[in-house]
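**Student:** Attaching a single structure in structure tokens format; questions to follow.
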Amino acid sequence: MNDGMKTVAPTRRTLSYRLSGATSAHSRRRMRTGRFVALALCLVWLGGCAANHFLVHPSQPAPEVIVWSADFVRDQIQVHLEGARPPGAGPFPAVIVHPEEEEPAAAMHGILWELAARGYVAIAVDYERCIEGKYRRSYYTWKTAADLTVSLELTKEYPQIDQARIGALGFSEGAVLSLFLAEYEPDRIKAVVAYYPIVDFPEWYKSERGGLWPRILFGLARWQLRSDARTDDEEEFQKQMRLASPLFMAEYVRAPVLLVHGDQDTLAFPSESERMYESLKAGGTTTKLLIVPGGERLFNFYQPQQAKIAWDATLEWLDRYLRPAPSGASR
């Protein structure tokens with residue numbers, strides 16, 4: 001692990017996605033159908049059962065844990081938030097939790113409750129963007145830097161949060177967003193844990209898969225990525241994918257980053273996290289790569305042994321970088 005931290009301030013870039021014109025009702029039906037089919041096939045591929053988000057996490061909050069939910073609208077983004085925190089005024093360290101694609105913030109309850117019991121304010125968020133007058137989920141929900149960092153801005157609504165000790169934890173699409181938070185707000189995000197992210201969408205999009213189900217699932221994921229781009233222009237599509245790829249802004253990360261990936265993941269190969277790790281390390285960022293033996297896609301939500309390995313490492317990472325060291329102690 002590289003323990004050097006970067007001190008060079010990043011140059012902010014504004015994401016500038018161009019939305020295409022209105023789609024027909026038929027196209028919108030195809031988009032909804034594609035998401036349903038992709039989800040159904042994913043369940044079949046994972047053994048016929050839905051991911052268990054309480055697999056290694058509590059199914060009920062501890063009696064002392066305070067829970068709440070809230071809804072916010074910021075420009076064209078609608079945010080739903082689920083929160084949990086310890087009792088007392090704080091301020092406490094905080095963790096922003098981003099679920100995997102298609103999952104709501106409420107799916108993260110077990111994780112939130114466990115983090116709160118350990119002394120964190122934990123908030124999970126999901127997002128929809130206003131498209132053609134309706135709020136919808138999309139791979140390209142975030143169009144500007146302000147869109148990407150809206151969850152961090154919402155922490156200011158809660159005085160119990162210590163603004164000097166905020167971390168981000170994300171899974172799959174949520175891992176991508178967590179990495180982006182660290183890239184666009186390098187002075188405010190103090191730790192990141194990213195589970196099996198896709199960090200280079202152009203490279204991922206043109207790759208190949210072996211085996212029937214991996215090919216089918218990968219094909220549907222590629223189709224959905226293209227459909228959500230809402231453009232027939234190949235140059236614009238490639239631009240959108242690149243702007244959605246955290247690998248290309250890795251140089252701006254200052255927060256320590258733990259990357260977690262299953263070695264049997266065939267939707268996003270471990271090389272995604274490996275490349276991000278090498279890029280972060282080359283830039284002097286503190287980083288660690290955990291490749292979990294036997295871990296498949298979403299392993300931490302249905303493979304208990306692998307899930308525990310990853311979660312123990314996650315807690316150690318967050319505790320190390322978000323909790324103050326005891327007086328006279330060194331990390």
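**Student:** Tell me the residue from Val199, Val192 that is touching a Pro at 6+ places or on another chain (Cβ under 6 Å) and modelled with pLDDT of 80 or more, please.
**Tutor:** Val199
**Student:** Being in contact with a Lys or Arg (Cβ under 8 Å, 6 or more places away or on another chain) and surrounded by 21 or more Cβ atoms within 10 Å (Cβ to Cβ) is the filter here, so list the residues in region 278-321 that pass it.
**Tutor:** Answer for region 278-321, where residues must be in contact with a Lys or Arg (Cβ under 8 Å, 6 or more places away or on another chain) and surrounded by 21 or more Cβ atoms within 10 Å (Cβ to Cβ): Thr285, Thr287, Trp317.
**Student:** Give the residues of region 86-100 that are assigned to a loop (DSSP other than H, G, I, E, B), more than 15 Å from the chain's Cα centre (by Cα) and touching a residue at least 24 places away in the same chain (Cβ under 8 Å), sorted by residue number.
**Tutor:** Pro86, Gly88, Ala89, Gly90, Pro91
**Student:** To continue, here is another question. Look at Leu225 and say whether it is in contact with a strand residue (DSSP E or B) (Cβ under 9 Å, 6 or more places away or on another chain), part of a helix (DSSP H, G or I) and at pLDDT below 95.
**Tutor:** Answer is no for this residue.
**Student:** Give the residues of region 252-276 that are surrounded by 18 or more Cβ atoms within 10 Å (Cβ to Cβ) and either basic (Lys, Arg) or part of a strand (DSSP E or B) (or both), sorted by residue number.
**Tutor:** The answer is Arg254, Val257, Leu258, Leu259, Val260, His261, Gly262.
**Student:** Scan region 293-317 and report the pairs whose first residue is within 18 Å of Phe269 (Cβ to Cβ) and whose second residue is among the hydrophobic types (A, V, I, L, M, F, W, C), with Cβ atoms within less than 6 Å and a gap of 6+ or a chain change.
**Tutor:** Arg297/Leu267; Leu298/Ala51; Asn300/Ala307; Asn300/Ala310; Gln306/Val292; Gln306/Phe299; Ala310/Val260; Ala310/Val292
**Student:** Condition (residue is of a type outside the set (Asp, Glu), closer than 25 Å to Leu315 by Cα and either at pLDDT below 95 or surrounded by fewer than 21 Cβ atoms within 10 Å (Cβ to Cβ) (or both)) applied to region 126-147: is it met by at least one residue?
**Tutor:** no
**Student:** For region 200-214, which residues satisfy the criterion of being in contact (Cβ under 8 Å) with a residue 40 or more places away in the chain and outside any loop (DSSP other than H, G, I, E, B)?
**Tutor:** The answer is Phe201, Pro202, Trp204, Trp213, Pro214.
**Student:** Quick test for you: out of Lys239, Lys190, pick the one residue that is of a type in the set (Lys, Arg) and touching a Gly at 6+ places or on another chain (Cβ under 9 Å).
**Tutor:** Of Lys239, Lys190, the one residue that is of a type in the set (Lys, Arg) and touching a Gly at 6+ places or on another chain (Cβ under 9 Å) is Lys190.
**Student:** Cβ-Cβ below 6 Å, separation at least six or inter-chain, first residue in region 177-193 and more than 22 Å from Trp311 (Cα to Cα), second crowded, with 24+ Cβ neighbours inside 10 Å: which pairs?
**Tutor:** Cβ pairs passing all conditions: Glu183/Val253.
The values are calculated or read from the model by the stated rules, or taken from the named source; none is laboratory data. Just so we're clear, the structure is a prediction, and the values are computed from it rather than from any experiment. Reconstructed Cβ throughout: ideal geometry from the backbone, glycine too, with neighbour counts over all protein chains shown.
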